[in-house]
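For reference, the structure is listed below as structure tokens.
The values are calculated or read from the model by the stated rules, or taken from the named source; none is laboratory data. All values derive from a computational prediction rather than experimental measurement. As a convention, Cβ positions derive from the backbone with ideal geometry for all residues, glycine included, and neighbour counts pool all protein chains shown.
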Amino acid sequence: MLTLYSYPELFGLPDNNPFGLKVYAFLRLAGVPFRHAHIFDAAAAPRGQLPYIDDDGRHVGDSDTIIAYLIDQYRLTIDSGLTERQRNTGLMIRRTLDDLYWVMSYSRWKDPEFWPLFRDAMLGTHKSLTAAGMEAARTYNFERYHYQGIGRYEPEAVYRRGIADLGAIASQIGEHGVVFGRQPTSVDAGIYGFVANIYFLEIDTPLRQFVRAHPSLERHCLAIHGAVTKTQA
């Protein structure tokens with residue numbers, strides 16, 4: 001059976017990382033049977049990053065690459081009705097989500113207001129973690145933020161960037177509550193992976209405040225969450 005390797009749960013979500021939750025939601029929405037393995041150590045993953053899948057010995061990493069592989073390998077029809085223009089729009093949304101990732105991560109690991117809440121939630125949920133290990137991960141993330149650039153800004157400027165990303169994404173949700181048409185597609189799984197990791201975390205960052213104040217984002221998140229949960233039964 002296909003196995004998804006990704007980070008463990010937090011606040012009831014099956015993955016506390018948006019890219020892993022994106023793939024998880026896609027698999028559920030597309031109806032692909034799989035086993036979910038929670039890990040922290042990404043040493044065995046392609047390019048040393050989570051999530052990745054093991055499909056009968058074939059390892060595939062990177063959330064977009066995984067989804068493209070699954071659509072081709074399993075002849076999935078979840079995106080078959082999309083036009084070229086819609087596919088290009090989906091790509092732009094995914095790239096916006098990639099940008100949002102850095103703000104989300106910053107809010108958890110670097111912002112001194114929210115870091116203790118995230119640290120304590122992780123330590124309280126996962127007994128294998130230690131305070132020293134969390135501090136080491138935080139130091140590593142500080143280096144990533146510096147070289148990426150976002151770590152050189154004050155929190156207010158960082159959140160302005162993330163809120164702009166969320167606003168752009170909210171503008172793409174259609175009248176039926178998903179991005180395209182009436183049924184979720186892979187881009188909806190991607191949006192859910194990120195927005196759910198803001199909305200359901202009991203850490204009231206400016207990103208969470210924005211999502212909860214924008215009905216289109218909240219409805220989208222809850223609708224996809226319901227669809228993903230329903231397929232678990």
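Side notes on the structure shown:
- Screening Ala132 with (1) part of a helix (DSSP H, G or I); (2) hydrophobic (A, V, I, L, M, F, W, C); (3) touching a residue at least 12 places away in the same chain (Cβ under 8 Å) gives one miss only, at (3).
- Yes/no for Thr65 being at pLDDT 95 or above, in the same structural domain as Ala196 (by TED's automatic domain parsing), in a helix (DSSP H, G or I) and surrounded by fewer than 19 Cβ atoms within 10 Å (Cβ to Cβ): no
Results for (1) within 27 Å of Gly174 (Cα to Cα); (2) free of Cβ contacts under 8 Å to residues at least 60 places away in the same chain, shown as yes or no for each residue.
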site	(1), (2)
Val23	yes, no
Val32	yes, yes
His38	no, yes
Gly48	no, yes
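- The set of residues in segment 68-91 being free of Cβ contacts under 8 Å to residues at least 24 places away in the same chain and loosely packed, with under 13 Cβ neighbours inside 10 Å consists of Asp72, Arg75, Thr77, Ser80, Thr83, Glu84, Arg85, Asn88, Leu91.
- Per-region count, segment 147-175, residues without any contact (Cβ under 8 Å) to a residue 24 or more places away in the chain and either hydroxyl-bearing (Ser, Thr, Tyr) or exposed (fewer than 12 other Cβ atoms within 10 Å of the Cβ) (or both): 9
- So His225, is it assigned to a loop (DSSP other than H, G, I, E, B) and either over 19 Å from the mean Cα position of the chain (by Cα) or within 24 Å of Leu29 (Cα to Cα) (or both): no
- Selection status of Phe180, crowded, with 20+ Cβ neighbours inside 10 Å and over 23 Å from Leu13 (Cβ atoms): yes
- Of the residues making up segment 147-164, those that are out of contact with any Phe, Trp or Tyr (no Cβ under 6 Å at 6 or more places or on another chain) and either part of a loop (DSSP other than H, G, I, E, B) or closer than 12 Å to Pro206 by Cβ (or both) are Gly149, Tyr153, Glu154, Pro155, Glu156, Ala157, Tyr159, Arg160, Arg161, Gly162, Ala164.
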